[in-house]
Every structure is written in structure tokens, then in C-alpha cells.
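The values are calculated or read from the model by the stated rules, or taken from the named source; none is laboratory data. All values reported here derive from a predicted model rather than from experimental measurement. When we count neighbours, we look across all protein chains shown, and the Cβ atoms used for this are built from the backbone with ideal geometry, even at glycine.
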């Protein structure tokens, strides 16, 4: 093997490993975000429950590393906004993950996974189908 071939092999291995590392980092970040999403979902459910003390309109909530007392409605809206933000981040990471996995498979000379580029129908498309198909 010539030096040029060795250099090419090393570059291919290096680029494959870099993409694989990015995939693993994204996977760990997705796991952490999913844990946050589940904790946030539990918190929203607890806030929505009726308080034992009916006179209690304020509640304690942790924001970052601070503990604050705020009205129940404001706490609920903050938690819901945080939940939406977490879900957006998860969607972005999942779409990036699909791209990285296909890039990794391309570097290893495998065909991309079928079905990874499937996107759900939008409302306009669904309404057009319903209008044109009698079964829906």
C-alpha cells in the first residue's frame, strides 16, 4: 500500500469516527432531553391537580437553581412553554440524527435506511385527501 492510499484510508476512518461520535453525542443529548421532558410533564400534572388547601393560590417552583413562589397559573404557563421548547429541541435533534446516520452509512458504503426521510402529511394535504376520497 502506498503512502497516498494509507492517507486516504486514515481520512475515511477519521471522518467515519467523527460522524459516529456526533451520533453518540446526539443520542446522549436526546436521552437527557427526554428525561427533562418527562420530569416537566410530571410537574405540569402536579400543578394541574387541585390543591389540598383551596386558599393556596401561589406555589413554590424551581427555576434553574432558584426557588420561587409564584401564582399557580404563571407556573403552569412557564412549565408548558418549557415543555414546548424541549419538544422542539428533541425534534431538531431527531432530524439531525437521521441525517448523521445516513451520512455515516454513506461513509461506510451502505445504503441509507429506507423510511428515514418520511414526513407526516400537513393539514392542507389531509384536507385535500378528505375532500377527494370518499372513504375518509
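Of the residues making up region 105-124, one or more are assigned to a helix (DSSP H, G or I), within 24 Å of residue 28 (Cβ to Cβ) and in contact (Cβ under 8 Å) with a residue 12 or more places away in the chain.
Of all the criteria given as (1) more than 19 Å from residue 99 (Cβ to Cβ); (2) out of contact with any strand residue (DSSP E or B) (no Cβ under 9 Å at 6 or more places or on another chain), the one not satisfied by residue 59 is (2).
Any residue at all in region 25-39 that's touching a strand residue (DSSP E or B) at 6+ places or on another chain (Cβ under 6 Å), on the phi < 0 side of the Ramachandran plot and exposed (fewer than 13 other Cβ atoms within 10 Å of the Cβ)? Looking for residues that are touching a strand residue (DSSP E or B) at 6+ places or on another chain (Cβ under 6 Å), on the phi < 0 side of the Ramachandran plot and exposed (fewer than 13 other Cβ atoms within 10 Å of the Cβ), one finds none in region 25-39, hence no.
Being under 30 Å from residue 119 (Cβ atoms), in contact with a helix residue (DSSP H, G or I) (Cβ under 9 Å, 6 or more places away or on another chain) and part of a helix (DSSP H, G or I) holds for only one residue in 24, 93, 76, 84, and it is 93.
Name, by its number, the condition in (1) modelled with pLDDT under 95; (2) over 21 Å from residue 97 (Cα atoms) that does not hold for residue 19. Only one criterion in (1) modelled with pLDDT under 95; (2) over 21 Å from residue 97 (Cα atoms) is unmet by residue 19, namely (2).
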